[in-house]
Amino acid sequence: MKIFGIGRNYAEHIKELGNERPEEPVIFLKPDTALLRNGTPFYYPSFSQDVHHEVEIVIRICREGKNIEEKFAHKYYDQLGIGIDFTARDLQTKAKQKGLPWTIAKGFNGSAPISDMLPVSDFENLHNIQFSLEVNGEKRQSGNTSHMIYSFDYIIAYLSKFFTLKKGDLIYTGTPEGVGPVKVGDRLSASIENKTLLDFEVK
Ligand code: MG
């Protein structure tokens with residue numbers, strides 16, 4: 001099972017980190033050991049002093065495919081949920097400066113908390129899904145899939161040019177603005193359409 005992350009998919013988030021708007025989606029991978037399910041606590045890693053939350057809509061692939069045309073991409077995912085793409089920003093910044101990969105900064109243990117998944121059919125319009133993150137009861141991030149630069153379908157078509165997608169693969173589809181550091185003792189709650197689906201503590 002593969003976990004893809006999409007970087008720089010919301011314009012306001014690109015601005016806040018001073019990044020360039022990409023000509024194609026920015027892709028990275030996390031290993032399956034990054035997943036944290038069922039509200040399992042996130043243990044703050046010793047190798048970073050600046051772990052940031054990035055709340056993201058996650059879609060789940062439901063059938064195998066490669067070279068998928070964008071017009072057929074909707075047939076390849078049937079569930080979505082919400083997750084956090086934890087990022088060791090200090091390690092990522094160093095890697096970016098040197099033009100090195102982000103693998104450690106994005107893929108370390110526990111860097112991918114995820115909610116239970118909901119059927120895509122629960123949503124009237126996938127291009128208008130509101131989602132948000134609260135830290136200790138205070139709203140930190142709020143986004144809407146209408147603001148994505150690359151849609152779910154475009155992302156699937158693009159990824160499938162390089163990687164055979166398989167049932168169960170997950171795609172973290174990018175974060176809106178408002179990313180910031182977490183600290184030990186924080187409680188993170190992530191919601192879709194104001195319904196809390198993911199809730200866990202930083203230890
Ligand atoms: Mg992200």
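The values are calculated or read from the model by the stated rules, or taken from the named source; none is laboratory data. This is a predicted model, so every value here is computed, not measured. FYI the Cβ positions are ideal-geometry reconstructions off the backbone, even for glycines, and counts take in every protein chain you see. Protein only, heavy atoms only, side chains kept; ligands, DNA and RNA dropped before computing areas. Shrake-Rupley method; radii C 1.70, N 1.55, O 1.52, S 1.80 Å.
Side notes on the structure shown:
- Value of Rg/Rh across region 19-83 [Cα atoms, Kirkwood radius]: 1.02
- Computed over the Cα atoms of region 77-147, pair by distinct pair, the Kirkwood hydrodynamic radius stands at 14.5 angstrom.
- Amide H contacts under 5 Å for Asp186, placed H, 5+ residues apart: Val202
- 10 Å-binned pair-distance histogram of region 110-161 (Cα, whole percent): 19, 40, 37, 5, 0
- For the chain, relative contact order (Cα pairs under 8 Å, six or more residues apart, normalised by length) works out to 35 percent.
- With all protein chains modelled, accessible area of Leu100 [1.4 Å, Å²]: 90 Å²
- Value of D in µm² per second that Stokes-Einstein yields for region 47-88, Kirkwood Rh from Cα pairs, at 25 °C (0.890 mPa s): 196 µm²/s
- A cut-off of 5 Å between modelled amide H atoms, ignoring neighbours fewer than 5 places along the same chain, links Asn9 with Thr175.
- Backbone HN-Hα couplings from phi across region 163-177 [Karplus 6.51/-1.76/1.60, Hz, Gly and Pro as x]: 10, 5, 7, 10, 3, x, 4, 10, 10, 7, 9, x, 10, x, 5
- Using θ = phi - 60° in the Karplus curve 6.51 cos²θ - 1.76 cosθ + 1.60, the 3J(HN,Hα) couplings for region 87-99 round to 10, 7, 4, 5, 6, 5, 4, 4, 4, 4, 4, 9, x Hz; x is entered for Gly and Pro.
- Taking only the C-alpha atoms of region 1-147, the Rg (one decimal) and the largest Cα-Cα distance, Dmax (whole number), read 15.7, 45 Å.
- Per-residue surface analysis assigns Arg89 an accessible area of about 20 Å², computed on protein heavy atoms at 1.4 Å probe radius.
- Volume per residue of the convex hull around the Cα atoms, evaluated for region 61-203, comes out as 124 Å³.
- Solution diffusion estimate, µm²/s, Stokes-Einstein, region 4-56, Kirkwood Rh from C-alpha pairs, 10 °C, viscosity 1.306 mPa s: 117 µm²/s
- Per-peptide packing, taken as the mean over residues of other Cβ atoms within 10 Å, places 163-176, 41-54 in the sequence 163-176, 41-54 from highest down.
- Residue-wise HN-Hα couplings along region 64-79, as the Karplus relation 6.51 cos²θ - 1.76 cosθ + 1.60 with θ = phi - 60° gives them from phi, are 6, x, 9, 6, 7, 6, 4, 5, 9, 4, 4, 7, 9, 9, 10, 9 Hz; Gly and Pro carry x.
- Rounded accessible area of Lys139 (nearest 10 Å², 1.4 Å probe): 110 Å²
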